[in-house]
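In what follows, a single structure is set out as structure tokens and then discussed.
The values are calculated or read from the model by the stated rules, or taken from the named source; none is laboratory data. These figures come from a predicted structure and were not determined experimentally. Cβ placement follows ideal geometry from the backbone for every residue including glycine, while neighbour counts extend to all protein chains displayed. Calculation scope for accessible area: heavy atoms of the full protein, side chains included, ligands and nucleic acids excluded. Shrake-Rupley method; radii C 1.70, N 1.55, O 1.52, S 1.80 Å.
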Amino acid sequence: MPSKSLKSVWAFLNFALLASGAILIAFSVVWRTPDVVRGFLISNLDLTAGLVLGIMFLVTWLISIAGILQQNHVTVGLVATNWALIIDAIGVLIIGTMVWVYTLTPTKNFLQQWEAASPATRQSLQDTLKCCGYRNSTEFGIIGGFCSDDAFAASQVGCSTIILPKADYTLNNVFSVIYGFMAVIVCFFLATVSLVYRRKEEERFRKIDEKRGGRGFV
């Protein structure tokens, strides 16, 4: 039998994977609620990627539960778990890197987003953040609402002054958390490898013992 400590570590990491999947799915769903600033910083594509990754984690968790419940000499389920973990790791690297790369040139990226946004979205951002235009009121600014006229708008800060620090904080936390899931995946992979090795070792000794007539080892 695998040691109790190994089983305990494996069970803890199994739960950590489940929790990671639940967190990803929860935030991907909750952050879809209407919020003009958050919606500007985090796209629906980002949220869909997080949802898919969370579902992948839960599928891996289900495979691991099926694998651990198999008879001791059967390791196919645990081996399948490790293949699923490899796929999860690839997903984490792709999504985390996509977010990280986006943070390298935030001024350019969010300017393009601001320019592509509808006038209604830009005005809503201006009204919410109390700013006018992107870098100033003349750069894709909308006159109306908070920016009531040209003279008032010209005296206000550009929205990039507020958006960029928020984006830096939010996106850095997002990719840091996503990369943090890699620690769970790697540790769970190693624990599962150890469990497979112990099960195979026990089965090998069992077969040797049978050949010896069940007398055991002295």
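Say we look at the range 138-156 and pick out the residues that are more than 16 Å from GLN112 (Cα to Cα) and of a type in the set (S, T, N, Q); which of these is surrounded by the most Cβ atoms within 10 Å (Cβ to Cβ)?
GLN156
In the range 31-47, what residues are open to solvent by less than 60 Å² (accessible area, probe 1.4 Å) and among the polar types (S, T, N, Q)?
Across the range 31-47, the qualifying residue is only SER43.
What number of residues within the range 157-176 satisfy the criterion of being free of Cβ contacts under 8 Å to residues at least 60 places away in the same chain, open to solvent by 50 Å² or more (accessible area, probe 1.4 Å) and within 27 Å of the chain's Cα centre (by Cα)?
4
For every residue, the table says whether it meets (1) under 23 Å from ILE178 (Cβ atoms); (2) open to solvent by less than 40 Å² (accessible area, probe 1.4 Å).
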site: THR60; (1), (2): yes, yes
site: GLY67; (1), (2): no, yes
site: VAL74; (1), (2): no, no
site: ASN82; (1), (2): yes, yes
site: ILE86; (1), (2): yes, no
site: VAL92; (1), (2): yes, yes
site: THR105; (1), (2): yes, no
site: ASN109; (1), (2): yes, yes
site: TRP114; (1), (2): no, yes
